[in-house]
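Nothing in this text is a laboratory measurement; each read-out follows from the coordinates by a stated rule. Quick caveat: nothing in here was measured; it's all calculated off a predicted structure. Using ideal geometry, Cβ is built from the backbone for each residue, glycine included, and neighbour counts are taken over all protein chains shown.
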Amino acid sequence: MEVILKNLLLLLVVLCLVFLGSCKSGKQVDGTLPGAELSSESNETPDEGGEVENEMQRIHFDYDKYNIRHDAAAIVEKNAEYLKSNPTIWIQIEGHCDERGSAEYNLALGEKRASAVKDYLIKLGIEKKRLSVISYGEEKALEAGSDEHAWSMNRRAEFIVVSKGK
């Protein structure tokens, strides 16, 4: 019973932080925790006066981990170069998990993944104010299924362009 109460309290705290962060200045909460990976899809996000092409790639994580793997570090570094070349772009880093684990645990793990990517981008010279994080836990699966392939595709961090200033 005590474990359930602790998990519910953790979920409540995470949800409050997300809600409060979203209310203040219309931006998502930006937490800070170590280790994650990036996204490799081309997203288009509406912006002030048009579409913004997202040339950043997603990264994937090992099971139950949030550290950035060696192979993913090169992708994060390439994404950092893109951000340096486009200093008016602000991004949201989404942390995602596979379906294994409780909803509360996966929300926390997704946040750790997104925060690890954010921390690495900051170390690579990207301004903290241009980065925000959010966790979707297991809620936004990239790949349907309950096998190792689907799980490995769903353990990821995505880079979403949220603003392109002038």
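Assuming a ≥ b ≥ c are the square roots of the Cα gyration tensor eigenvalues, decide whether region 100-147 counts as rounded (a/c under 1.5), prolate (otherwise, with a/b larger than b/c) or oblate. Prolate, because a/c is 1.5 or more and a/b exceeds b/c. Annotation note: trypsin sites (Lys or Arg not before Pro) in region 116-146 located in DSSP loop regions with a Cβ neighbour count of at most 15 within 10 Å are LYS140. When the inverse distances between all different Cα atoms of region 51-104 are averaged and flipped, the Kirkwood radius reads 13.1 angstrom.
For MET153, MET56, the sequence from fewest to most other C-beta atoms within 10 Å is MET153, MET56. One chain, two ends: GLU143 and LYS128. Fully extended at 0.36 nm per residue, the span grows by 2.3 nm beyond their Cα-Cα distance. In region 57-153, which chymotrypsin sites (Phe, Trp or Tyr not before Pro) are in a loop and have at most 14 other Cβ atoms within 10 Å, using DSSP for the loop call? Passing both the DSSP loop test and the Cβ count: TYR63. Over 20 Å apart at the Cα level, from the set LYS65/LYS129; LYS123/LYS164; LYS65/LYS118, are LYS65/LYS129; LYS123/LYS164. Counted residue by residue at 0.36 nm each, then reduced by the alpha carbon distance between them, the extension gain from ALA73 to SER85 reaches 2.5 nm.
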